[in-house]
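Worksheet for the structure shown next.
The values are calculated or read from the model by the stated rules, or taken from the named source; none is laboratory data. Computed from a prediction, not measured in an experiment: that's the story for all the values here. All Cβ positions, glycine included, derive from the backbone under ideal geometry; neighbour counts span all protein chains shown.
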Amino acid sequence: MCAKLKRMKLKILAFLILLFSQGLYAQDKGYDIQFDLKNFQDTVSYLAQYYGDQIVVKDTARVDQGRFAFRGDSLLPAGMYVVAGQSNNKIMDLLINRDQQFSFSFTPSRMMKTLTIKDSEENKLFYDYVEELSNKRKKLQKLKQSGSEKAKQKMQALNKQVEQFQEDFIKENQGTFAAAFVKASREIEVPEPEDKTDSAFQYQYYKQHYWNNMPLSDPRMLRTPLFHDRYKKYLDKVVRQHPDSISAALDRMLNTAPDSSKLFEYILWKSTRKYERSEIMGFDAIFTHLAMNYYKKGRTGDLDDQVVENIVEKGEKLKNLLIGKKAPELVMMDSARNAVSLYELEADYTILIFWDSNCGHCQEVLPKLHKFYQNNREKWNLATYAVSTDTSVREWKNFINKHNLNWTNVYGYWSYTKNFHDLYNINTTPMLYLLDDKKKIIGKRILTKQVKKIIRRQENQESGEGRIRKRK
């Protein structure tokens, strides 16, 4: 009896192992997407993936009399994909989610009327939606061309029908990628404020709920043609254009997207490059925020280690050079080899410039800057600390004498402080910083004409009981 029971248990175990292995195989059988296109002349076709602001080719197939298939042993990342011909001519979009073994048949010139989809409920739903929406838009276009008052009323009614159709589609197909995609394509509805005097309510509501229809917790959103434009609009138009506001907005995005997802990696990398290259003064604070709070802490996804190291290194250099930070001290020798400290210059505003007499741009800028200094030094109690990056002392002195640069001139390589190139991130010349009376940075990497604007803005920010200037 015991032996029989033991054999029975072994058979059940073997059956369970077989069943389990078949289940694993079914889940990991990869993708097999087949096409049968009538009157299709191309000999090569491509399967490409939407990826933020790019379209990336994932597979290639040979076409035999309109028949071709994309096949692979592992599953494709879920998202929207493009099928294109050999001339990069787009044939169709398709949705890829969990089930990745299905087929399409149609005539490209009459796709919607001839389309047959097998074994893909996602794509059936999606193309039923596309067809219905297309029909309604055609009706809208005809009414728009009419221009009559009656046509306008019909357009309003039809627009409401479209909105209701979309809402019903989303509700009836919850849990499908097709419904998630349609929802992501819609803007959020902003309610009227209960307090009519609250003028900021609608903006605050819109900003707070901006990602409701396109959840950042869903990595599939990255692989749609919708995500990048939504991301760009959020950072450029929805969020207040101030480094602190943008940094906080990025934190909200990155803390919502899973760290291990490509969506997190995309947001981090795109934002890093965007604000590293920004021409807007002060926006390097956003880059530095990302470098110190994500790259330095190892929250980088699968980004290359060397790239991460370079970004952290640059962030370390920039963190002490942000607007509002106190400028790093410099102690260098002048032409008489006297040590001169940047901090010893007593002025309401200090122009700090790094320049080279052999730099063509410097040769144009320095005389103009000196003229500005001469005309305004008493008006605004200006000082200038001009650091030469020349390798030739003779050429440096000759340039000073030729243009009568009667401000504080120091030679960068006669320095008591550490490497000024690293200290001030000098990678080009001329480079101009503007400091206030406490030697805090109020302008950086600016032109001579911007100095006046920044000083005037600073003056306007000063209260009537502000600091007492020496010139008074």
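Condition check for SER87 on (1) touching a strand residue (DSSP E or B) at 6+ places or on another chain (Cβ under 9 Å); (2) assigned to a loop (DSSP other than H, G, I, E, B); (3) of a type in the set (Ser, Thr, Tyr): one failure, at (1). With the condition kept exactly as written, say whether any residue in segment 113-135 is in contact with a Lys or Arg (Cβ under 8 Å, 6 or more places away or on another chain) and either among the charged types (D, E, K, R) or surrounded by fewer than 15 Cβ atoms within 10 Å (Cβ to Cβ) (or both). Yes, there is a match, as at least one residue in segment 113-135 is in contact with a Lys or Arg (Cβ under 8 Å, 6 or more places away or on another chain) and either among the charged types (D, E, K, R) or surrounded by fewer than 15 Cβ atoms within 10 Å (Cβ to Cβ) (or both). Within segment 83-127, restricting attention to residues that are touching a residue at least 24 places away in the same chain (Cβ under 8 Å) and touching an Asp or Glu at 6+ places or on another chain (Cβ under 6 Å), the residue that is farthest from GLN65 (Cα to Cα) is ASN97.
The set of residues in segment 381-405 that are modelled with pLDDT of 95 or more, of a type outside the set (S, T, N, Q) and crowded, with 17+ Cβ neighbours inside 10 Å comprises LEU382, ALA383, TYR385, ALA386, VAL387, TRP396, PHE399, ILE400, LEU405. Selection over segment 412-435 of residues that are of a type in the set (Phe, Trp, Tyr), closer than 19 Å to LEU447 by Cα and either assigned to a loop (DSSP other than H, G, I, E, B) or out of contact with any strand residue (DSSP E or B) (no Cβ under 6 Å at 6 or more places or on another chain) (or both) gives a count of 1. Restricting ASN401, ASN409, ASN358 to those that are in a loop (DSSP other than H, G, I, E, B) and out of contact with any Cys (no Cβ under 6 Å at 6 or more places or on another chain) reduces the list to ASN358. Considering segment 249-332, there are no qualifying helices (runs of 4 or more DSSP H) wholly inside with 2 or more residues that are surrounded by fewer than 14 Cβ atoms within 10 Å (Cβ to Cβ) and within 16 Å of the chain's Cα centre (by Cα).
A single entry from ALA157, ALA151, ALA178 fulfils the requirement of being in contact with a strand residue (DSSP E or B) (Cβ under 8 Å, 6 or more places away or on another chain), outside the structural domain of PHE35 (by TED's automatic domain parsing) and not hydroxyl-bearing (Ser, Thr, Tyr): ALA178.
Surrounded by 13 or more Cβ atoms within 10 Å (Cβ to Cβ), touching an Asp or Glu at 6+ places or on another chain (Cβ under 7 Å) and outside the structural domain of GLN49 (by TED's automatic domain parsing), is that true of PHE169? Considered against the rule, which asks whether it is surrounded by 13 or more Cβ atoms within 10 Å (Cβ to Cβ), touching an Asp or Glu at 6+ places or on another chain (Cβ under 7 Å) and outside the structural domain of GLN49 (by TED's automatic domain parsing), PHE169 comes out as no. Of all the numbered requirements in (1) under 35 Å from the mean Cα position of the chain (by Cα); (2) farther than 24 Å from SER335 by Cβ, LEU423 misses one, and that requirement is (2). None of THR428, THR408 is of a type in the set (Val, Ile, Thr) and farther than 19 Å from SER335 by Cβ except THR428.
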